[in-house]
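Each remark here refers to the structure printed beneath this line.
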Amino acid sequence: MLIGGEWIAGSGAAFTSVNPATGEVLAELREASEADVDAAVQAAHQAFVSPAWGGLLPAARAKLLLRVADLLEEHADEIARLETQDQGQPLNVSAGFSVPNAVEHFRYYAGWVTKITGVTAPLSVPGVDYRTTREPLGVCGLITPWNFPLMILVWKLAPALATGNTVVIKPAEQTPLSTLRLAELIEQAGVPAGVVNVVTGGPEAGKALVSHPLVKKISFTGSTAVGREIGAECGRTLKKVSLELGGKAPSIIAADADIDAAVQGNLLGGLLNSGQVCAAYTRFYVDAKRHDEFAEKLAGAAGSLRLGNGLDPEVHLGPLVSAEQVEQTARYVALGEDEGAELLTGGSRPDGDLAGGFFYEPTVFAGVKQDMRIAREEIFGPVLSVMPYDDPEELVLLANDSEYGLAAAVWSRDIGTANRLARQVKAGTVWINMMQGLDAAAAWGGMKSSGLGREMGWEAIEAYTEVKSIWTSLT
Ligand code: NAD
């Protein structure tokens, strides 16, 4: 782990990071103890008030972020391969999406550094001048999940640094390697020691960070259950908090949709990173007249995808991240069958060469009912549920009948239908006639139990700063 510019092993129990495609151990690490977490927070606190960071002019801070982006781009191939080995995502995802998105975020937020302004306001008080400034919060704890370890970290880190905060990062215990490599590049870029610290380990290290009194904000991406606990603890200690949590994104395929385009977009939107995507399209509401056509085409396309080690450039789907994730997926598939859904393709683990890794076949169920657990709960694996709807009026009620509200998709050739549905669906992001898109300039986050707050765009600048009002007497 990296604490105050020193690379140390940490003093807690040893654990390993495993390549999910092969089961091979990639690295041995140690859990951060409470003392390690405290040392990291103290280092971040010292760095926050130091002239080397706190006194840096905005243009110099922007230059550092641009340098980090350049270094990440220079090492893109190496880091993409590392991400593929540690997380499992195929190279076309890590090299084609995760690393470029991280580079884009550093550049985008480098641009903001010199443009973070306050306001002046005409107060109805005689003889005063009034303005606001935006100030950094202090030490921010960034806790990340295992599905997009580098990219999701950078969604937090780039705006946190752009606004002058310091951070302690706690990557997921399953996938710490790209975070540690990025921390090396950040050092190499010349970011002062203590500004970025990394503690490794699991929930206990995360809890120590969340409850630390010197931490001013927690930004967490992960499960809704853990998000609730973190939110409660941040309430007790009055920390600011951003929560990016689970999802069960509906994808609505109207009667007039271009079915072939919808199949292609939903295949990618449902199975990207083997379905380990919080915004994965997983419950497909298809007009009853098109249900069978859509379900059969989707199952045919899913069944033809190539599974394998993500380092092979021909592979479409890599492994799941861990044996637990495979078990969870298998449990839900069994539930779907028990509940009476029709299994069209998949439904088991592949054998042969892939038996040593954590693979699961892409699985499509048709004729799924709203009350089945596969239609309601987040599976976080390659399992897609197709459901017919008869009544377009009832459709929005079905789509919104979920505790989650992260994302949704609408497929219709009619601009009015598509936009009416987009307005009515309760979700932080709605994509019309497209698979999921992400951009540093587009706000990201969930409604309902999918989270609190927004990442990306100007919203992230607000999330890592607070407003100060300054009054001046003119007399
Ligand atoms: P998780 O909640 O189990 O763990 C996430 C992180 O929190 C890990 O680093 C973990 O070590 C840490 N952690 C666990 N318990 C903690 C505690 N009590 N206090 C502090 N830290 C703790 O989630 P996961 O299984 O790693 O990730 C999958 C989940 O993440 C899914 O539910 C998925 O939908 C969600 N996710 C959401 C988004 C989004 O943007 N909304 C993006 C990716 C993943």
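The values are calculated or read from the model by the stated rules, or taken from the named source; none is laboratory data. Quantities reported herein were computed from a predicted structural model and do not represent experimental measurements. When we count neighbours, we look across all protein chains shown, and the Cβ atoms used for this are built from the backbone with ideal geometry, even at glycine. Surface accessibility is based on the protein's heavy atoms, side chains included, excluding ligands, DNA and RNA. Shrake-Rupley method; radii C 1.70, N 1.55, O 1.52, S 1.80 Å.
Heavy-atom accessible area with a 1.4 Å probe sorts 290, 30, largest first, into 30, 290.
Modelled this way, with points 7 Å down the Cα-to-C-beta line, the labels at residue 73 and residue 433 are 3.3 nm from one another. Rounded to the nearest 500, the 222 nm mean residue ellipticity of the chain from helices alone is -12000 deg cm²/dmol, with -39,500 (n - 2.57) taken per DSSP H run of at least 4 residues. Scalar couplings 3J(HN,Hα) for region 100-112, obtained by applying the Karplus form with A = 6.51, B = -1.76, C = 1.60 to θ = phi - 60°, are x, 5, 5, 4, 4, 5, 4, 5, 4, 6, 4, x, 5 Hz; x denotes Gly and Pro. For region 307-460, a Kirkwood hydrodynamic radius built from all Cα pairs, placed in the Stokes-Einstein relation at 10 °C and 1.306 mPa s, yields a translational diffusion coefficient of 90 µm²/s. Comparing region 42-149 with the 2.2 N^0.38 Å rule of thumb, its C-alpha radius of gyration ratio is 1.48 (two decimals). For region 5-143, the solvent-accessible area of protein heavy atoms averages 46 Å² per residue (probe radius 1.4 Å; ligands and nucleic acids excluded). For the chain, the dipole from Cβ point charges (+1 on Lys and Arg, -1 on Asp and Glu) about the Cα centre works out to 1900 debye, to the nearest 20. In plain terms, the chain from residue 34 to residue 470 could stretch by 153.1 nm, reckoned as 0.36 nm per residue minus the Cα-Cα distance. Please report how far the C-alpha centroid of region 87-135 lies from that of region 144-214, rounded to the nearest whole angstrom. With region 87-135 and region 144-214 each reduced to a Cα centre, they are spaced 18 Å.
Couplings 3J(HN,Hα) for region 148-153, derived from phi with the Karplus relation 6.51 cos²θ - 1.76 cosθ + 1.60 (θ = phi - 60°), are 9, x, 6, 5, 5, 4 Hz, where x marks Gly and Pro. Expressed to the nearest 5 percent, the antiparallel share of DSSP beta bridges inside region 356-474 is 30 percent.
Ligands, DNA and RNA excluded, the heavy atoms of residue 81 present near 110 Å² of accessible surface to a 1.4 Å solvent probe. Think of each Lys and Arg Cβ as +1 and each Asp and Glu Cβ as -1; about the Cα centre, that makes the dipole of region 263-405 roughly 320 debye. Normalising by the residue count of the chain, find the relative contact order in percent from Cα pairs under 8 Å and 6+ residues apart. Here the relative contact order equals 19 percent. Between the Cα long axis of helix 323-338 and the first principal axis of the chain there is an angle of about 40°, rounded to the nearest 10.
Note on residue 27 and residue 355: with the Förster distance fixed at 25 Å, the Cβ-Cβ geometry gives a FRET efficiency of about 0.60.
Sorting 181, 228, 61, 283 by accessible area puts them as 228, 181, 61, 283; the probe is 1.4 Å, largest comes first, and only protein heavy atoms count. If the chain linking residue 81 and residue 204 were pulled fully straight, counting 0.36 nm for each residue of separation and taking away their Cα-Cα distance, it would gain 41.4 nm.
Approximating the spin labels as points 7 Å out from Cα along Cα→Cβ, the residue 135-to-residue 373 distance works out to 5.0 nm.
Of the residues 88, 68, 98, the one whose Cα sits farthest toward the positive end of the charge dipole of region 46-98, with +1 on the Cβ of Lys and Arg and -1 on the Cβ of Asp and Glu, is 68.
I'd like the orientation of helix 224-236 relative to the chain: the angle between its Cα long axis and the longest Cα principal axis, in ° from 0 to 90, rounded to 10. Taking Cα atoms only, the helix is inclined about 20 degrees. Rolling a 1.4 Å probe over the heavy atoms of the protein chains gives region 256-380 an accessible area of 40 Å² per residue. Of the accessible area of the chain, computed with a 1.4 Å probe over protein heavy atoms only, carbon and sulfur atoms account for 53 percent. Among the listed pairs 207/426; 207/240; 289/369; 240/448; 170/217; 115/240, those whose Cα-Cα separation exceeds 25 Å are 207/426. Within the chain, antiparallel bridges make up roughly 40 percent of the DSSP beta bridges whose residues both belong there. Let me check I've understood the local charge: for residue 391, count other residues with C-beta under 13 angstrom from its C-beta, Lys and Arg +1, Asp and Glu -1. What total comes out? Result for the local shell: -3.
Put a dot 7 Å past the Cα of residue 397, heading toward its Cβ, do the same for residue 334, and the two dots end up 3.5 nm apart.
Under 11 Å from the 7 Å Cα→Cβ point of residue 342, by amide nitrogen: which residues of region 369-390? Within reach of a label on residue 342: 388.
Spatially, region 429-475 and region 250-289 are offset by 27 Å when compared through their Cα centroids. The phi torsions of region 425-440, fed into the Karplus equation with coefficients 6.51, -1.76 and 1.60 and a -60° offset, translate into couplings of 6, 8, 7, x, 9, 10, 9, 9, 6, 7, 6, 4, x, 9, 8, 4 Hz, rounded to whole numbers, with Gly and Pro shown as x. Annotation: amide H of residue 33 within the under-5 Å range of 11, 12, sequence separation 5 or more or interchain, hydrogens built in the peptide plane. Amide H to amide H distances under 5 Å link residue 252 with 285, 409, 410, 411, where only residues 5 or more positions off or on other chains count and H is placed in the peptide plane.
For the chain, taking Cα atoms only, Rg and Dmax work out to 23.1, 84 Å respectively.
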